[in-house]
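Nothing in this text is a laboratory measurement; each read-out follows from the coordinates by a stated rule. This structure is a prediction, so every number in the text was calculated from the model and none was measured. Positions of Cβ are generated from backbone atoms using ideal geometry, with glycine treated the same way; all protein chains shown enter the neighbour counts.
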Amino acid sequence: MFEAALLIYALYSSYAVYCSASQKSKKPAYNIAALAITALFIRLLFIEAPGHINDLKLFAEWSRRLYEVGPSGFYQEGYYCDYLPGYLYVLWGIGIIHETFGAGMHLLLKIPGIASDIALGIFIYLGAKKRVDEKTALAAASVALFNPMSIYNSAIWGQMDSLLALFLVISLWLAEEEKYEAAAAVYAVAVAIKPQSVFLAAAFSFIFAKKLRIAPLRWTGRLFFCILAFASTICLIILPFAHTINPVWIAGVYAKTMGEYKFVSLNAYNLWWLLGMNLTSDAGRPWILSYREWGYIGTAVMAFMICCRMHERYIFPAVFFLILAYILSRNPLALLLAALFSALNSVNHPIAKSRGLAIALID
């Protein structure tokens, strides 16, 4: 009931903002500022809500450990951590603030996701202003800022998927403006946060394949500098964590993260869930191949809906990709799909929680 009310309210807020944006303002900056402040206020209303016990307890533990031993001593044999270094920098900062000033850990852990929600909406507005009118730019921003999926993910659940989405959206926008080296560096940050970002590599590969066909010599050089920017950024992020252990440790961290949940579906509302195979081992063989192998085949078709080992949150960035697609193409189908995926994920979150995922407040 609560989730349904949140969904209705957020959709109404988006519609109201879209209608009010039709009235031109002499100072358009006030419009997006009002939107951002309102969106922030809505999230602050839910910031005390209990979060996911597994996620928040692990985040709190990792924050404290980072404060105590720093990045170089964090990854050690036998210590559990399935997160990559990218987000650990954020948790390190949270640990410092918590231990130095005594700020509440529960509130601190929710701030990065909420701040990323707001930043994502503002960035979409600023990017859209270059391509569309003020009304459409505000509408696109409102879809991000008042999206119930985002509100639930950051303010209630306590996750940080909007931070990943922010870096992915920025990298795509930079690529659209042909700032490929900068796009590669920003994309590297996303890859250092979550390995699922590698799915976007197909889009960048397509862009460069097309460019190389047009002007091979020129774009070969650009491709080299993009690879250099990507590799340099990745190294800058991971090396502080690799001071006391073998430098190739990062491959093991990525492999561990990708292979952590060996289920056909991990509460993701996809094809496997609909077939009743949620939390079923992906090693089973329904027909010739295992579920995992069928999932790899499905990756080439439609990752979230068919690929195995999918969390309910992995569809999150796609909503904002679709908003960008609408800004660039003005195709209403993109907005329709964004609304569909938002609704799907808004329902998916609370249902995943009701299927036995405990929640608790972190002291």
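With θ taken as phi - 60° and the Karplus curve 6.51 cos²θ - 1.76 cosθ + 1.60 applied, the whole-hertz 3J(HN,Hα) list for the range 324-333 is 4, 4, 5, 4, 7, 10, 6, 8, x, 4 Hz, x standing for glycine and proline. Neighbour counts of other Cβ atoms within 10 Å put S342, S72 in the fewest-to-most order S72, S342. Going from the fewest other Cβ atoms within 10 Å to the most, the residues L138, L337, L172 appear in the order L337, L172, L138.
In terms of packing, defined here as the mean over residues of other Cβ atoms within 10 angstrom, the peptides 81-89, 115-123 line up highest first as 115-123, 81-89.
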